[in-house]
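Chemist: Sending over a structure as structure tokens; questions will come in a sec.
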Amino acid sequence: IRIDPQHYWAHFQLARCYLQTLRGPEAVEALGTCIALRPNTPWAYSTRGLVRGMLGQFALAESDFAQALAVAPEFRPAILNRGYVYSLQGREAEALTDWEAVLQPPNESILIEAAYYKAQMSYQHDDYSAAQQDVELFLKSRPSSSPALVLLAKTHFRQGTDSLALSCVDKLLSLNLSSTSIGANPNLARARL
């Protein structure tokens, strides 16, 4: 950014870094710069809507999603993020509608994260069969996802299929766990599980 203050993607990636480090207001500001640089690109609107939703600024989030979809009516990341923000508000039917939409073909456009979000919601409502189906769909694309493996193990435990649950735990333990997941120390990782 020092070299090129007008570099859209540098500002966008800076916003993502802020988001990863839980610095929401700074992320919103960096995304605002992106929007000022390219007001007809949906990415920054969609991401800013997500950040605003996570900050509890739901009306502003909805405005950002509306703008992203005005710029690109079929922009799936905005629909996925809007569904997530709906879920934060307890608007589950609307969240499910958005997530179902981004799971529709064409296959190269499917946003598989929606299956994981659906699985979490089903699990919270004690619908373990639906949760299992969606998390297994997600794991076909992301077989090393630690949170998804934990969720699948929990659904198996809840359904009384302990051997399947333990195989999920074994797979999780066999992954090369980084310091950013549940710990670099294998003994500590096992203890936490």
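The values are calculated or read from the model by the stated rules, or taken from the named source; none is laboratory data. Since the structure is predicted, the reported quantities are computational estimates derived from the model, not experimental observations. Using ideal geometry, Cβ is built from the backbone for each residue, glycine included, and neighbour counts are taken over all protein chains shown. We work out accessible area using only protein heavy atoms, side chains counted, and drop any ligands, DNA or RNA first. Shrake-Rupley method; radii C 1.70, N 1.55, O 1.52, S 1.80 Å.
Chemist: Please find, within region 118-131, the residue that is nearest to the chain's Cα centre (by Cα) out of those that are open to solvent by 60 Å² or more (accessible area, probe 1.4 Å) and within 17 Å of Pro147 (Cβ to Cβ). Please lay out each step first, then the result.
Modeler: So the first thing to find is which residues in region 118-131 are open to solvent by 60 Å² or more (accessible area, probe 1.4 Å), and the list is 120, 124-127, 129.
If we keep only those that are within 17 Å of Pro147 (Cβ to Cβ) too, we end up with 120, 124.
On the way: Gln120: 11, Gln124: 17 Å.
Only one residue tops the list, namely Gln120.
Chemist: Looking at Ala30, Ala44 in this structure, which one is in contact with a Lys or Arg (Cβ under 8 Å, 6 or more places away or on another chain) and at pLDDT 95 or above? Show your work before the answer.
Modeler: Details: Ala30 fails: in contact with a Lys or Arg (Cβ under 8 Å, 6 or more places away or on another chain).
Answer to the selection: Ala44.
Chemist: I would also like to ask the following. List, please: which pairs have Cβ atoms under 6 Å, are six or more places apart or on different chains, and start with a residue in region 94-119 that is hydrophobic (A, V, I, L, M, F, W, C) and end with one that is open to solvent by 40 Å² or more (accessible area, probe 1.4 Å)?
Modeler: From residues that are hydrophobic (A, V, I, L, M, F, W, C), the pairs are Trp99/Tyr117; Val102/Arg76; Leu103/Ile110; Leu111/Arg76; Ile112/Ser141; Ala115/Leu137.
Chemist: Just checking: which of the helices (runs of 4 or more DSSP H) contained wholly in region 41-117 hold 1 or more residues that are surrounded by fewer than 21 Cβ atoms within 10 Å (Cβ to Cβ) and out of contact with any helix residue (DSSP H, G or I) (no Cβ under 7 Å at 6 or more places or on another chain)? Steps first, please.
Modeler: Details: elements: 42-54, 58-71, 76-88, 92-102.
In region 41-117, the matching helices (runs of 4 or more DSSP H) lie at 58-71, 92-102.
Chemist: For Val169, only one of the following conditions fails: (1) open to solvent by less than 60 Å² (accessible area, probe 1.4 Å); (2) part of a loop (DSSP other than H, G, I, E, B); (3) modelled with pLDDT under 95. What is its number?
Modeler: Tallying (1) open to solvent by less than 60 Å² (accessible area, probe 1.4 Å); (2) part of a loop (DSSP other than H, G, I, E, B); (3) modelled with pLDDT under 95, Val169 fails exactly one: (2).
Chemist: Name the residue that is farthest from Ala114 (Cα to Cα), counting only residues in region 59-86 that are in contact with a Leu (Cβ under 8 Å, 6 or more places away or on another chain) and among the hydrophobic types (A, V, I, L, M, F, W, C).
Modeler: Ala61
Chemist: Evaluate the following for Leu139: is it among the hydrophobic types (A, V, I, L, M, F, W, C) and assigned to a loop (DSSP other than H, G, I, E, B)?
Modeler: On the way: among the hydrophobic types (A, V, I, L, M, F, W, C): yes; assigned to a loop (DSSP other than H, G, I, E, B): no.
No; evaluated as a whole, the condition is false for this residue.
Chemist: Same structure again: Condition (residue is open to solvent by 60 Å² or more (accessible area, probe 1.4 Å), in a loop (DSSP other than H, G, I, E, B) and of a type in the set (A, V, I, L, M, F, W, C)) applied to region 22-37: is it met by at least one residue?
Modeler: yes
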